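In what follows, a structure is listed as structure tokens, so that the remarks can point back to it.
What follows is calculated from the coordinates using simple rules that are stated; it is not laboratory data. Please read these numbers as outputs of a predicted model, since none were measured by experiment. Using ideal geometry, Cβ is built from the backbone for each residue, glycine included, and neighbour counts are taken over all protein chains shown.
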Amino acid sequence: MTRSNGAAGQLSKALGIVLGTETIPLRLRAWDGSEAGPEGAPIIEFRSRRALRRMLWSPGQLGLSRAYVAGEIDAPGDIFAAFTALSSAGKFAEPGPFRPPTPPELWALLRTAVRLGALGPNPVPPPEEAKVARKGRLHSRSRDSAAISHHYDVGNRFYSLVLGPSMVYSCAVWPDDGQPGSRTDGSSGGPGGLEAAQESKLDLVCRKLDLEPGTRVLDVGCGWGSFALHAAGKYGASVVGVTLSSEQAELARQRVADAGLSGKVEIRVQDYRDVTDGPFDAISSIGMSEHVGREQTPRYAAALYALLKPGGRLLNHAISWNAGPTSPDPDSFIPRYVFPDGEMISLGEMVTALEEARFEVLDVEALRRHYALTLRAWVRRLEENWDDAVRLAGSGRARVWRLYMASSAVGFENGLTGVNQVLVQRPGGKEPPLRRTGWL
């Protein structure tokens, strides 16, 4: 039986100060066994006073995230319900950078920390926090390579636990709710499950690019080679895949060899800016342009335009920032722990950059709800394989990925972020179809 007084009541006040709200839709459980908050609400467990100290030194998302990664805070029940509730409260419900506490709020937070014995020096951030942040010129080749390595060189076996056999690390395309046998609950197996949904996405990209035997394709940010394998194996295309991750390239090459497609697929560790053996008939960029950055996006679009033949198509599949004129907070959890230097831009900015590079826009398809389902499936796989994930990558890294994927799913569900496939064509050569039926 838990006590209703004790540290939890004070923690509730502290969290309310950080969030700028008196009403917190969460039940807090403290290290002394006390609880406070609405009965039946999602539970957030504070296991240590150090978590409150992190909130004091870094009020907002970063302090809470550091405490979660370090194991000082946990969401022992439904993590999606906990993050949905947290994201709807006070300042967390506001898009853009987190507003720091006002001086009166900060003094109130300090008094609460004194009462709970939580004052002390700023705790060292967990070792999983990216070391590449703010080192070197933003989006230089060396800094981009370090940022990609931080995210992707976690271990191929770890990623296989999360992603499943498809090894596709981007939004799947799920069946319509009304289709017989559809599974839109994010489950990972069976008809309409994760593997089928990822294959549907790969096939959709191939159809949009109008691939056929002999088509020469550049896959920018090729990951573990899943799209290259699909395009070569199912459509007879000849594919060059480029990635900045050595670990990805190693596994991708092995998968290509195992599939008997070494004559059709070449995997390189190479920056897209260094590709010089164009032109290509088609280019796929699936979940890569988020790493490019706002300032470099026009150059990215121009570089891909130059690598295409007249009439060639580019499919750009990317997460978008949907929260209006504000920008994501560069000091929030995902830039610090998951995607160093990653920048989400709006769909409008991406389309503008592509048009200014002289591309003709053929189609735009929004897949926001699909990504929420995909992320839920990945979280389920991670939780089902938790002990193996911790053994392979460590507890902190596994917690980073659980927090990142669950919070991202909530972001897609509440519309803060979106994901879009923008299909464009370099003018000249083959005319596009009159209607979308060619790929739908």
Starting with the highest mean, order 296-306, 380-390, 64-74 by the number of other Cβ atoms within 10 Å, averaged over the residues of each peptide. 64-74, 296-306, 380-390
Per-residue ellipticity at 222 nm for the chain, helices alone: DSSP H runs ≥ 4 residues times -39500 (n - 2.57), over residue total, nearest 500 deg cm²/dmol? -12500 deg cm²/dmol
Span-rule helices in the chain, defined as complete DSSP H runs reaching 15 Å or more along the axis (Cα) with Kyte mean at least 0.5: 7-19
Give the long-range amide H neighbours of residue 419: residues separated by 5 or more places, or on another chain, with amide H under 5 Å away, using H modelled in the peptide plane at 1.01 Å from N. 320, 367, 368
Sorted by packing (mean other beta-carbon atoms within 10 Å per residue), highest first, where do 235-243, 200-208, 351-359 land? 235-243, 200-208, 351-359
Would you mind getting me the FRET efficiency between residue 302 and residue 39? Use the beta-carbon distance for r and R0 = 41 Å, nearest 0.05. 0.10
Percentage of Cα-Cα pair distances in the chain greater than 33 Å, rounded to whole percent? 37 percent
Over the residues of segment 7-115, compute the C-alpha Rg and express it relative to 2.2 N^0.38 Å. 0.96
In whole Hz, the Karplus estimates of ³J(HN,Hα) for segment 421-432 (6.51, -1.76, 1.60; θ = phi - 60°; x where Gly or Pro) are 9, 10, 9, 10, 9, 6, x, x, x, 5, 6, x
At 0.36 nm per residue, and after removing the present C-alpha to C-alpha distance, how many nm does the segment from residue 212 to residue 436 gain when stretched out fully? 78.9 nm
Cross-link partners of residue 430 among aspartates and glutamates (Cα-Cα below 15 Å; sequence separation of 8 or more within a chain): 210, 212, 281, 360
Under 16 Å by backbone N from the virtual spin label 7 Å along Cα-to-Cβ at residue 78, the residues of segment 27-55 are 27, 38-44
Least to most buried among 344, 55, by other C-beta atoms within 10 Å and fewest first, runs 344, 55
Under Stokes-Einstein, with the Kirkwood radius over Cα pairs standing in for Rh, what whole-number D in µm²/s applies to segment 229-291 at 25 °C and 0.890 mPa s? 197 µm²/s
